[in-house]
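Novice: Encoded as structure tokens, here's the structure I'll be asking about.
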Amino acid sequence: MNLFKQFGDMAEMVKAAPGLIDQANQLQAQSAQYQQAQYQQAQVRQQMDAQAVQAATAAPLPGNLDPIAGVDLDRYARISKGIAAYGYDAAKLPTVAAMFGVDASSWAIASAGWASRIQTDRGVGRRFNEIYQAV
């Protein structure tokens, strides 16, 4: 009797084999997708780390620390931080600029120029952050 039961069990196993193989193939595909995602995430982390190092050590390009409309980077950072007293209301920037001896039209030119330099030159951005945090 036991032999017939074994044959029956084997028949059930053979019937189940295609489904088990499909499951194994699906698990293998999922594992490959997971590994690929992990690899991509590691690549992104490495890239971000490299960018962070570059940003932390970048030197400004020659001439990019020259004053704009008579406003140097130190004064720009001080004026930018000065709006804290006004609840960071950007509309108060010309008022704060005037306190630092900068007229409204010079401030408009300087503000646009420094914002552009900070965005395009990591060294200028790094230096601005250093000054902003120090004042």
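Novice: For residues that are hydroxyl-bearing (Ser, Thr, Tyr) and assigned to a helix (DSSP H, G or I), scanning just region 80-101, find the one that is nearest to ILE118 (Cα to Cα).
Specialist: SER80
Novice: In region 55-74, which residues are part of a helix (DSSP H, G or I), exposed (fewer than 14 other Cβ atoms within 10 Å of the Cβ) and not aliphatic (A, V, I, L, M)?
Specialist: THR57
Novice: Answer yes or no: is there a residue in region 45-53 that is modelled with pLDDT of 70 or more, surrounded by fewer than 10 Cβ atoms within 10 Å (Cβ to Cβ) and not assigned by TED's automatic domain parsing to the domain that holds ASN129.
Specialist: No, region 45-53 contains no residue that is modelled with pLDDT of 70 or more, surrounded by fewer than 10 Cβ atoms within 10 Å (Cβ to Cβ) and not assigned by TED's automatic domain parsing to the domain that holds ASN129.
Novice: All but one of (1) assigned by TED's automatic domain parsing to the domain that holds GLY123; (2) surrounded by 10 or more Cβ atoms within 10 Å (Cβ to Cβ) hold for GLN23; which doesn't?
Specialist: (1)
Novice: When you go through ALA97, ALA77 one by one, which is the residue that is modelled with pLDDT of 95 or more, surrounded by 15 or more Cβ atoms within 10 Å (Cβ to Cβ), out of contact with any Pro (no Cβ under 7 Å at 6 or more places or on another chain) and more than 25 Å from THR57 (Cα to Cα)?
Specialist: Answer to the selection: ALA97.
Novice: Still on this structure: Looking at this structure, is GLN54 free of Cβ contacts under 8 Å to residues at least 24 places away in the same chain and not aromatic (Phe, Trp, Tyr)?
Specialist: The answer is no for GLN54.
The values are calculated or read from the model by the stated rules, or taken from the named source; none is laboratory data. This one's a predicted model, so the numbers in the text were calculated from it and none came from an experiment. Ideal geometry is used to build each Cβ from the backbone, glycine not excepted, and the neighbour counts take in all protein chains shown.
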